[in-house]
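Okay, structure first, notes after.
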Amino acid sequence: MTEAWIAKPLQLKFLLGELHLFTVSFSSLNLERHFTALTREPAPLPFEAFSRGLDALQIRSYPTSQPLPRLTLLPQAIRYVPQQYRRYYIELQGSFADYLKKFSGKSRSTLLRKVRRFAAVSGGQVCWREYRRCDEMAEFYRLARQVSQQTYQERLLKAGLPEEPWFQEELCELASRDQVRGYLLFHGAQPIAYLCCPAQGEILLYRYLGYLPQYRRWSPGTVLQYLVLERLFAEGRFRLFDFTQGEGQHKEFFATGSCQCADIYYFRKTLRILLLLCLHAGSQALSEMVGQALSFLGLKQWIKRLIRARA
C-alpha cells in the first residue's frame, strides 16, 4: 500500500434529480492525488484492505480516454463508476487581462456588465473580502455559514459548508500552511455569497460555494468568481484553479481547459453492497431519464427553480 492511500469514508448519496433521499456510508481508502498527477494507466490497487474489513477503494477524477461501464464484476471487487464528466480548470499563468481575452467580445461585455450592475445596486462599489490567515477563518466561517444555511446546495443537496467542528479546525490548519482561501461578497453589511477553496500545493480547489437565492437576479456567483480570479492572477501564488468534479455552464464559461474524468470505486464483493450499488445506479438512470423527458417538454429549468425555491 502506498502513502497516497488514506482512510476516508465514502458517502454514497441517493438522489432523485436534485432531491436527496438518503446517504449510505462505507469504510474506505481514498487515493489522495490530484487528477493532474494520475496517469491513464491503472494504479496499483490495495485489494488486501478488503480482508481487513474495509468496504471500498475510491479514486476520484481518474483521467479516462473512453467511457467506462457503470457496474462491473471483477475477480477481486465490484467496480462502480457513478460519474463520468469533463473536469474544468483555469491556468493562472499570465495576467488577468490576458485571461479575459479568451472570451468573445460579447461574453466579455456581458461579464463586465454584471459586475457593474452589482456595483450599482451596492452603492457604487462592490464590497468583498478575501480570508487566508488562521485568525481570519473564524469570521469567514461564521459569515459563510449564514449564507450556506439558506442555499439550495445545503437544504436540498446536503452539500453546504460543513457545520461540524472538525471543518473549522481544518480551515485553521490549512490557513497555517497557506493552503486555503475564503471569499465573501457583501451587499452592504450582509454577506450574500461565499466561496471556500482549499488547496493542494499550487492548485486551488473550487470546493464550497453558495449565494442567497433572493439575490440571484444580480448574478452574485458570477461577480464573486470574477473578483476572485482577478485577485488570483495578481497574487501569482497558484498555477491552477480547479473546478473539481461535475460539469456546468459556469465552469465551462470560465475555464481555459478540461479533462475527461471518472469517479471509480472498487467495493468488497458482498450481496448487500451489490444490491445497494444496483439501487444507486437505478436511481441515477431514472433521474437521467426524467431529466431528459422534462428537457424535451421544456419543463426542466422551471421545475428546478420550483424545487430550489421550495427548499
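The values are calculated or read from the model by the stated rules, or taken from the named source; none is laboratory data. Everything numeric here is computed off the predicted structure, so don't read it as measured data. Glycine gets a Cβ as well: all are built from the backbone with ideal geometry, and neighbour counts include every protein chain shown. What goes into the accessible areas is simple: the full protein's heavy atoms, side chains included, and nothing from ligands, DNA or RNA. Shrake-Rupley method; radii C 1.70, N 1.55, O 1.52, S 1.80 Å.
Summary table
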| quantity | calculated |
| --- | --- |
| For Leu277, net neighbour charge (Lys/Arg +1, Asp/Glu -1) across residues whose Cβ lies under 12 Å away | +4 |
| Order of exposure, largest accessible area first, which applies to Leu212, Leu68 with probe 1.4 Å | Leu68, Leu212 |
| Hz values of 3J(HN,Hα) by residue in region 238-247 - Karplus curve (6.51, -1.76, 1.60), Gly and Pro given as x | 10, 9, 9, 10, 9, 6, 6, 5, x, 10 |
| Accessible heavy-atom area order of Val115, Val290, highest first, probe of 1.4 Å | Val290, Val115 |
| Cut-off 14 Å between beta-carbons: net charge of the residues surrounding Phe47, Lys and Arg +1, Asp and Glu -1 | +2 |
| Over the chain, relative contact order from alpha-carbon pairs under 8 Å, at least 6 apart, % | 27 |
| Amide proton proximity set for Thr64, modelled H, under 5 Å, gap of 5+ | Gln260, Cys261, Ala262 |
| HN-Hα J in Hz across region 259-276 - Karplus 6.51, -1.76, 1.60, θ = phi - 60°, x for Gly and Pro | 9, 6, 9, 9, 8, 10, 10, 10, 10, 4, 7, 9, 5, 4, 5, 4, 5, 5 |
| Of the trypsin sites (Lys or Arg not before Pro) in region 138-220, those whose Cβ has at most 11 other Cβ within 10 Å and which sit in DSSP loop | Arg177 |
| Solvent exposure of the chain as accessible area per residue, Å², 1.4 Å probe | 52 |
| Inter-probe distance in nm under a simple model that places probes 7 Å from Cα toward Cβ, at Trp166 and Arg207 | 1.3 |
| 3J(HN,Hα) from dihedral phi, region 135-143, Karplus parametrisation 6.51/-1.76/1.60, rounded to Hz, x for glycine, proline | 6, 9, 5, 4, 5, 4, 5, 4, 6 |
| Residue-level accessible surface for Glu32, protein heavy atoms, 1.4 Å, Å² | 80 |
| Alpha-carbon Rg with Dmax, taken over the chain, Å | 20.6, 64 |
| Radius 12 Å from Cβ of Gly94, net charge of other residues (Lys, Arg +1; Asp, Glu -1) | +1 |
| Dipole magnitude of the chain about its Cα centre (Cβ charges: Lys, Arg +1; Asp, Glu -1), debye to nearest 20 | 1240 |
| Exposure rank, largest accessible area first [Thr39, Thr72; 1.4 Å] | Thr39, Thr72 |
| Helical mean residue ellipticity (222 nm; -39500 (n - 2.57) per DSSP H run of 4+; nearest 500) of the chain | -11500 deg cm²/dmol |
| Anchor Lys114: aspartates and glutamates whose Cα lies under 17 Å away (excluding residues fewer than 8 positions away in-chain) | Glu230 |
| Among the listed pairs Lys8/Lys269; Lys8/Lys102; Lys13/Lys102; Lys106/Lys251, those beyond 28 Å (Cα-Cα) | Lys8/Lys102; Lys13/Lys102 |
| FRET efficiency for Phe103 and Ala234, using Cβ-Cβ distance with R0 set to 25 Å, rounded to 0.05 | 0.85 |
| Gyration tensor verdict on region 71-203 (Cα atoms; rounded if a/c is under 1.5, prolate if a/b is larger than b/c, oblate otherwise) | oblate |
